[in-house]
Amino acid sequence: MIKLDEVKITKDMQDLIRCRTVSNRDESLVDRKEFSKLYTLLEERFPALYAVCRPEHVGKTGLVFRISGNDAQQLPHGVQAEKKNSVCRCAVLMAHYDVVPVVEKEWKKPPFDAVIEDGVMWGRGTLDTKGTFCAILESVNEELAAGWKPQNDMYLSFSGEEEIDGSSCTDIVSWFEKQGIHPDFVLDEGGAIVEKAFPGVQGRCAMIGVAEKGSVNINCTTESPGGHASAPPAHSAAGYIAMAAQALENHPYKTQLTRPVKEMIDVLAPGKKLLFKTAFRLFGRKIGGEVNAMMHTTCAVTRLAGSSAYNVLPHTASLGMNVRLLGTDTIDTMLSHMKKAVNRIERKNKIQLSFNVVNGMNPSIVSDTHCPQWDNLRGTILKTWPGVIVSPYLMMACSDSRHYCRITDKVYRFSAMYMSKEDRGLIHGNNERIALPTLFEAVRFYCNLLETL
């Protein structure tokens with residue numbers, strides 16, 4: 001077993017946090033020098049990795065390291081001879097190194113100073129996902145330095161624009177396709193080691209995301225005569241858009257019990273499967289929150305716009321929504337659902353409500369949980385955290401790994417660390433931080449995983 005150099009891990013993590021790799025949809029607000037600073041840091045701190053391979057720069061911010069396996073033969077690049085004792089023929093370990101913006105004055109400690117206090121490191125990205133990024137690099141570097149080599153080709157895939165749904169990961173997957181590489185194990189951020197994962201379940205659970213809901217951003221707009229607010233019509237454009245918002249919220253989507261949720265209930269409540277399945281079906285909407293989101297496509301009205309002045313009637317008004325698609329729901333069925341929901345408003349008021357999809361993706365496929373790759377991941381988790389319950393689950397959020405579903409059905413989403421409810425609330429929030437023992441455990445998990453590949 002590799003002895004971890006906790007001093008080095010801590011120092012490396014601090015310096016990764018000090019690289020202000022903040023992504024933004026507005027390129028003028030991105031400091032590319034900070035990204036270059038991180039690239040230089042990687043080569044300096046992980047010499048064993050760079051001695052065997054240098055990263056391929058793919059797309060805008062993609063970094064792909066290819067570590068050749070022991071069983072590589074004189075075959076086309078990326079194609080491996082199948083071995084009966086191989087857990088997988090081609091593995092990909094993922095993380096993203098970009099972070100979301102901060103409002104520095106709202107933090108208790110500077111968000112990019114990586115201050116350590118009472119064994120806890122503060123900083124943007126400590127949980128999402130520079131902790132994972134650091135853990136992958138530390139484990140690979142140490143294992144390579146000790147003489148380890150994967151049985152088959154392994155890839156490290158990192159993106160610097162996951163937080164803005166950028167194109168880098170899509171470009172990386174396209175690069176794999178062009179190379180003829182079809183991974184049969186992909187591991188990215190996702191679930192974690194958590195407590196109170198399910199009603200009645202005691203102890204800690206390791207939740208592995210095996211599918212993601214689709215995410216769609218969409219606008220609804222309408223027009224009406226503008227003018228002075230002193231003599232308004234019965235309803236302005238803003239009034240009509242408010243009616244539309246209410247109609248959309250009051251027109252829920254059908255209940256669906258998807259395979260990831262069924263499998264989660266089978267693992268976490270094996271003696272009460274029928275009870276929970278029935279309860280979730282009947283009362284999911286009333287319970288709300290994650291239970292409702294597990295069972296339904298959800299629509300959140302997040303933006304409203306009308307006039308820029310109090311005394312001016314808007315000529316155009318709009319609302320913005322984020323829709324999370326579940327199961328068999330698609331962007332097309334969503335649009336049909338929305339148009340049906342506002343049809344009565346349009347007919348009664350003789351107006352038109354227009355829908356425009358800004359961007360989005362349909363739900364991902366569901367990854368295989370009856371295969372050696374799943375069993376190996378489960379075994380590695382149990383080796384690292386003995387006694388935890390390992391369960392599949394449906395991810396509500398989106399990750400870069402969904403793009404890999406184009407080329408494999410073995411995409412798993414697991415952030416290798418314990419996260420309390422408070423920890424999970426810090427992601428994208430103020431005062432994000434990680435306990436150093438949690439970081440060291442993440443490195444140990446990846447060391448344990450590498451030794452099986």
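Using the Cβ atoms and a cut-off under 9 Å, what net charge is assigned to the surroundings of Gly190, where Lys and Arg are +1 and Asp and Glu are -1?
Values: positive: Arg413; negative: Asp188, Glu189, Glu212.
Charge balance near Gly190 sits at -2.
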(message) At 1.4 Å probe size, with the rest of the protein present, what percent of the exposed accessible area of the range 360-403 is carbon and sulfur atoms?
(response) 58 percent
(request) Take the Cβ-Cβ distance between Glu346 and Leu275 as r, set R0 to 41 Å, and report the resulting FRET efficiency rounded to the nearest 0.05. (result) 0.45
(message) As I understand it, the value is the acute angle between the Cα axis of helix 331-349 and the longest principal axis of the Cα atoms of the chain; what does it come to in degrees, rounded to 10?
(response) 20 degrees
(message) On a full-extension model of 0.36 nm per residue, what is the gain between Ser354 and Ser230, subtracting their alpha-carbon distance, rounded to one decimal in nm?
(response) 41.9 nm
(request) Rounded to the nearest 500, what is the 222 nm mean residue ellipticity of the chain from helices alone, with -39500 (n - 2.57) per DSSP H run of 4+ residues and division by all residues? (result) -11000 deg cm²/dmol
(message) Run the paramagnetic zone check for Ala48: 7 angstrom along Cα to Cβ, then residues of the range 1-37 with backbone nitrogen under 17 Å.
(response) 1-13
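Work through the residues other than Val388 whose Cβ is under 15 Å from its Cβ and net out their charges, Lys, Arg +1 and Asp, Glu -1. Each step should come with its number before you reach the end.
On the way: positive: Lys196, Arg204, Arg378, Lys383, Arg444; negative: Glu195, Glu441.
Combined, the nearby Lys, Arg, Asp and Glu give +3.
Between rounded, prolate and oblate, where does the range 4-68 land on the alpha carbon gyration tensor, with a ≥ b ≥ c its root eigenvalues, rounded for a/c under 1.5, else prolate if a/b exceeds b/c? Walk me through the intermediate numbers first.
Working: a/c = 2.87, a/b = 1.30, b/c = 2.20.
Oblate is the answer for the range 4-68, as a/c is 1.5 or above yet b/c matches or exceeds a/b.
Sort Asp98, Asp266 by accessible area with a 1.4 Å probe, largest first. Let's see the in-between values first.
Working: Asp98 0, Asp266 60 Å².
Most to least solvent-accessible, the answer reads Asp266, Asp98.
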(request) Could you sort 440-447, 156-163 so that the peptide with the highest average Cβ count within 10 Å comes first and the rest follow in order? (result) 156-163, 440-447
(message) Classify the range 155-246 from the C-alpha gyration tensor, please: rounded if a/c falls under 1.5, else prolate or oblate depending on whether a/b exceeds b/c.
(response) oblate
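Quote to one decimal, in nm, the extra length available between Met396 and Asp113 on full extension: 0.36 nm per residue of separation minus the C-alpha distance between them. All intermediate terms of the calculation are to be shown ahead of the outcome.
Working: separation 283, 0.36 × 283 = 101.88 nm, distance 3.11 nm.
Full extension of this stretch gives 98.8 nm more.
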(message) Shape verdict for the chain, please, from the Cα gyration tensor: rounded (a/c under 1.5), prolate (a/b greater than b/c) or oblate.
(response) prolate
(request) Report the paramagnetic label zone for Thr40: residues of the range 104-143 whose backbone N is under 20 Å from a point 7 Å from Cα along the Cα-to-Cβ axis. (result) 112-114
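Per 0.36 nm of contour for each residue apart, how much would the distance between His251 and Asn217 grow if the chain were fully extended, relative to their Cα-Cα spacing? Let's see the in-between values first.
Working: separation 34, 0.36 × 34 = 12.24 nm, distance 1.78 nm.
Gain in length upon complete extension: 10.5 nm.
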(request) Heads up, I need the accessible area for Lys272: 1.4 angstrom probe, whole protein in place, Å², nearest 10. (result) 120 Å²
(message) Using the Karplus curve 6.51 cos²θ - 1.76 cosθ + 1.60 with θ = phi - 60°, what ³J(HN,Hα) values do you get for each residue of the range 227-239, in whole Hz, with x for Gly and Pro?
(response) x, 7, 6, 6, 9, x, x, 4, 9, 8, 4, 5, x
(request) Report, to the nearest 10°, how far helix 32-45 tilts away from the longest principal axis of the Cα atoms in the chain, using its own Cα long axis and a range of 0 to 90°. (result) 20 degrees
(request) Rounded to whole Hz and in sequence order, give me ³J(HN,Hα) for the range 379-392 from the Karplus expression 6.51 cos²θ - 1.76 cosθ + 1.60, θ = phi - 60°, writing x for Gly and Pro. (result) x, 5, 4, 5, 5, 7, 10, x, x, 6, 8, 9, 9, x
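Given R₀ = 56 Å, FRET efficiency for Met1-Ile331 by Cβ-Cβ distance, to 0.05?
The computed FRET efficiency comes out at 0.70.
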(request) Give me the aspartates and glutamates in straight-line cross-link reach of Lys178: C-alpha distance below 18 Å, same-chain residues under 8 apart excluded. (result) Glu56, Asp153
(request) Run down the aspartates and glutamates and flag those whose C-alpha is under 18 Å from the C-alpha of Lys109, throwing out any fewer than 8 positions away in its chain. (result) Asp15, Glu117, Asp118, Asp128, Glu422, Asp423, Glu432
(message) Which order do you get for Ser318, Ser308, Ser167 if you rank them by accessible area with a 1.4 Å probe, largest at the top?
(response) Ser308, Ser167, Ser318
(request) Report, for the chain, the % of DSSP beta bridges that are antiparallel, rounded to 5. (result) 65 percent
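Going down the list Lys3/Lys196; Lys60/Lys105; Lys272/Lys383; Lys60/Lys130; Lys108/Lys421; Lys254/Lys277, which pairs span over 22 Å between their C-alpha atoms?
On the way: Lys3/Lys196 32 Å; Lys60/Lys105 31 Å; Lys272/Lys383 28 Å; Lys60/Lys130 19 Å; Lys108/Lys421 19 Å; Lys254/Lys277 15 Å.
The answer is Lys3/Lys196; Lys60/Lys105; Lys272/Lys383.
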(request) Using only protein heavy atoms and a 1.4 Å probe, report how much of Asp375 is accessible, in Å² to the nearest 10. (result) 90 Å²
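The values are calculated or read from the model by the stated rules, or taken from the named source; none is laboratory data. Everything numeric here is computed off the predicted structure, so don't read it as measured data. All Cβ positions, glycine included, derive from the backbone under ideal geometry; neighbour counts span all protein chains shown. When the accessible area is computed, the model is the full protein with side chains, heavy atoms only, and any ligands, DNA or RNA have been set aside. Shrake-Rupley method; radii C 1.70, N 1.55, O 1.52, S 1.80 Å.
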